[in-house]
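Asks: Here it is, the structure in full.
The values are calculated or read from the model by the stated rules, or taken from the named source; none is laboratory data. No experiment lies behind these values; they were computed from the predicted model shown. Cβ placement follows ideal geometry from the backbone for every residue including glycine, while neighbour counts extend to all protein chains displayed.
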Amino acid sequence: MGGHHAVYDDWNPLHCNRNCGFRSGTDPPPPTTTVRKVVAATKLPTVTNVPLYFKIQSITLSPNEKSSVSGTNSVLYQLSGSTDVSGVGETKTSSAGDGLLIAAGMAVELKPTAGAPSTLLQFLLSPASDLDRPTATGPAAVKELYRTAAPIPDLKSGPMISI
């Protein structure tokens, strides 16, 4: 089998070396709590008139590059670095952990700040006709990370969708 394993049901501190993360003679730590943070929320006119797919893509901007993002309803989540975002009424700086809603038909310009690269995740809610349509223009490196194989089942009209 190889390696040492801590088993919670009949855990024996004598079978664990210092890399197990527990001190000898103590109980294992309690399970961690999931932390959720709403980064953007909106009311959509409808989610039932056409089947919608969910897609996630990364957008990486090199220092001093400008790119535009538009398309379907989506949320931009700043993963690393920071980005000046214009086209939302004023220029805002998005830092790691910040999110921004991009409504369908809206376009924003993205430019990394401080001469450093910037990486964002874009979470999209798209009809099939828009799934393969590029949402970023310019020199940004865009990589699709995930998409549902079929439309999201059982979407119902309601007060809010939050991502």
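Asks: Does any residue in the stretch 28-42 that is under 24 Å from GLN78 (Cα atoms) come within less than 6 Å, Cβ to Cβ, of a residue that is modelled with pLDDT of 70 or more and not aromatic (Phe, Trp, Tyr) six or more places away or on a different chain, and which pairs are these?
Replies: Every condition considered, the pairs that remain are VAL39/GLY99; ALA40/VAL75; ALA40/GLY99; ALA40/LEU101; THR42/LEU101.
Asks: Considering the stretch 122-137 alone, what residues qualify as being of a type outside the set (S, T, N, Q) and farther than 14 Å from SER67 by Cα?
Replies: Residues satisfying the conditions are PHE123, LEU124, LEU125, PRO127, ALA128, ASP130, LEU131, ASP132, ARG133.
Asks: Name the single residue, out of those in the stretch 66-92 being surrounded by 16 or more Cβ atoms within 10 Å (Cβ to Cβ) and in a loop (DSSP other than H, G, I, E, B), that is modelled with the highest pLDDT.
Replies: GLY81
Asks: Just the residues that are assigned to a strand (DSSP E or B) and surrounded by 15 or more Cβ atoms within 10 Å (Cβ to Cβ), please, taken from the stretch 93-110. Don't jump to the end; show me each part of the working.
Replies: Applying the first criterion (assigned to a strand (DSSP E or B)) to the stretch 93-110 yields 93-95, 99-102, 107-110.
The answer is SER94, GLY99, LEU100, LEU101, ILE102, VAL108, GLU109, LEU110.
Asks: Looking only at the stretch 111-152, count every residue that is part of a strand (DSSP E or B), among the basic types (Lys, Arg) and more than 13 Å from LEU61 (Cα to Cα) and tell me the total.
Replies: Filtering the stretch 111-152 down to residues part of a strand (DSSP E or B) leaves 111-112, 118-127, 136-137, 141-147.
Checking which are among the basic types (Lys, Arg) leaves us with 111, 143, 147.
When the remaining residues are screened for being more than 13 Å from LEU61 (Cα to Cα), the result is 147.
Summing the residues that are part of a strand (DSSP E or B), among the basic types (Lys, Arg) and more than 13 Å from LEU61 (Cα to Cα) in the stretch 111-152 gives 1.
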